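Chemist: One structure, pasted below without further comment.
The values are calculated or read from the model by the stated rules, or taken from the named source; none is laboratory data. Quick caveat: nothing in here was measured; it's all calculated off a predicted structure. Methodologically, a virtual Cβ is constructed for each residue, glycine included, from the backbone with ideal geometry; neighbour enumeration extends over all protein chains shown.
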Amino acid sequence: MKRIFHRGPSLSLRLFIAASAAIALIIVDSRFSSFIKIRTYMDTAISPFYFLANVPRSLLDGISEALATRQQLELENRALRQELLLKSSDLQLLKQFKYENIRLRELLGSPLRQDEYKMVTQVMSSGTDPYSDQVVIDKGSNNGVYEGQPVISDRGVIGQVTAVGKFTSRVVLICDISHALPVQVLRNDIRVIAAGGGCSDDLVLEHFFSNADIRVGDVLVTSGLGGRFPEGYPVAIVTSVKVDNQRAYTVIHAKPTADLQRLRYLLLLWANDRGDDAPPSAADAVNQLAQQRLRQIIDNVHNRADWDERKSNETDPALSTQAHDQRHSHAIKDTQRPATLDKGSVSNDPTPNAISGAPAQATNTPFVQGTVMP
């Protein structure tokens, strides 16, 4: 008698075939990157959903701004006008210095280095993959974004672009386990590799001698090796140095200067006229750039403190006299502080922000300079 229903392969055989196919696809993708185009097309296809998911937050931001009190708006408007006046005067001086610098470079016959172009971007969502630390930004190939492009924030290096869609892009963070970044110790110019260990953990330093002079509190900045990240941007601060004398092995951890768990507005950097094959900058040049940027961070923090004090004085006049006395004492201390940051200006304080003259907490004011693309 002929059976009506034919019995197919067993469930265990089906499971084995499916698991084997999945493992084969994972190996092929990791070794040959065969599915990059497919992922790019999928990111482009689902990009409207990212914008749609971002609508509630935009509405809430608009409602909160509409409900702001008149007094708050007046205070903010007054502070912004004062800042605009100060920035305008500084901008005029900077333009004059720029023109003088161009003329001097032409006289010396040295090549003029192009400015670093920047574009502001917004984080739309974080990655859903539990094994990788990535975010999705609202800029894509239509805006000139390219794979490998460096991304920073107002506090330091964030990561680099790994996949580019038409309207959105994916950025892998420096804390991702697959990411490694060439860095340099600001105090003594030692160059190491900062590898990610997951955003729940600190960065791990690799490829250094066991007797390397790296201490808790040392500031790590980009070294410019590899030609992908511009040199001199803050990356992390050393938080722990553990030496295993029996195995002659040293484990060094560093905390990123940027808050990688709370990202919203970022900056995309475009490379200058130096190509990937160009020789890296000297350690002293990197150190000088890094100290200029750290010095600007300190100045921005002091400016933000002055704003907060003026707002508090206008809100509560009774605190004006006490605040004035405190600022006067701080001004006396600031006059005794050196005008520049030397290589040895990083203290051995185990706290994360162990930069001499810098406050305990960073500010949200951008510290980068250059041409901002619309």
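Chemist: Among residues belonging to the stretch 9-41 that are assigned to a helix (DSSP H, G or I), of a type outside the set (A, V, I, L, M, F, W, C) and over 44 Å from the mean Cα position of the chain (by Cα), point out the one that is farthest from residue 162 (Cα to Cα).
Modeler: Residue satisfying both the conditions and the ranking: 12.
Chemist: Another question, if that's okay. I'm trying to understand the selection: among the residues of the stretch 239-253, which are exposed (fewer than 11 other Cβ atoms within 10 Å of the Cβ) and aliphatic (A, V, I, L, M)?
Modeler: Of everything in the stretch 239-253, just one residue is exposed (fewer than 11 other Cβ atoms within 10 Å of the Cβ) and aliphatic (A, V, I, L, M), namely 248.
Chemist: Here's another thing I want to ask about it. For residues in the stretch 239-263 being modelled with pLDDT of 85 or more and assigned to a loop (DSSP other than H, G, I, E, B), which is nearest to residue 214 (Cα to Cα)?
Modeler: Result: 257.
Chemist: Give me the strands (runs of 3 or more DSSP E) completely within the stretch 140-238, filtered to those with at least 1 residues that are in the same structural domain as residue 257 (by TED's automatic domain parsing) and surrounded by fewer than 23 Cβ atoms within 10 Å (Cβ to Cβ), ordered by residue number.
Modeler: Answer list for the stretch 140-238: 150-152, 157-164, 169-173, 180-185, 191-195, 203-206.
Chemist: Among the residues that make up the stretch 11-25, is at least one of them over 30 Å from residue 122 (Cβ atoms) and among the β-branched types (Val, Ile, Thr)?
Modeler: The answer is yes, given that some residue of the stretch 11-25 is over 30 Å from residue 122 (Cβ atoms) and among the β-branched types (Val, Ile, Thr).
Chemist: Any residue that is among the aromatic types (Phe, Trp, Tyr) and at pLDDT 75 or above - is there at least one of those in the stretch 125-136?
Modeler: No, the conditions are met nowhere in the stretch 125-136.
Chemist: Separate question: List every residue pair whose Cβ atoms sit under 9 Å apart, with the two residues 6 or more apart in sequence or on different chains, where the first one lies in the stretch 9-35 and is without any contact (Cβ under 8 Å) to a residue 40 or more places away in the chain and under 19 Å from residue 178 (Cα atoms) and the second, anywhere, is assigned to a helix (DSSP H, G or I) and of a type in the set (A, V, I, L, M).
Modeler: From residues that are without any contact (Cβ under 8 Å) to a residue 40 or more places away in the chain and under 19 Å from residue 178 (Cα atoms), the pairs are 29/36; 34/25; 34/28; 35/25; 35/28.
Chemist: Just a yes or no: is a residue in the stretch 57-64 at negative phi and exposed (fewer than 10 other Cβ atoms within 10 Å of the Cβ)?
Modeler: Checking the stretch 57-64: at least one residue is at negative phi and exposed (fewer than 10 other Cβ atoms within 10 Å of the Cβ).
Chemist: While we're on this one: So which residues in the stretch 150-208 are without any contact (Cβ under 8 Å) to a residue 24 or more places away in the chain and either touching a helix residue (DSSP H, G or I) at 6+ places or on another chain (Cβ under 8 Å) or of a type in the set (Lys, Arg) (or both), if there are any at all?
Modeler: Correct list: empty.
Chemist: For the stretch 275-284, state whether one or more residues are at pLDDT 75 or above, among the hydrophobic types (A, V, I, L, M, F, W, C) and not in a helix (DSSP H, G or I).
Modeler: no
Chemist: Do we find that residue 268 is closer than 14 Å to residue 181 by Cβ and surrounded by 13 or more Cβ atoms within 10 Å (Cβ to Cβ) in this structure?
Modeler: Criteria not met by residue 268.
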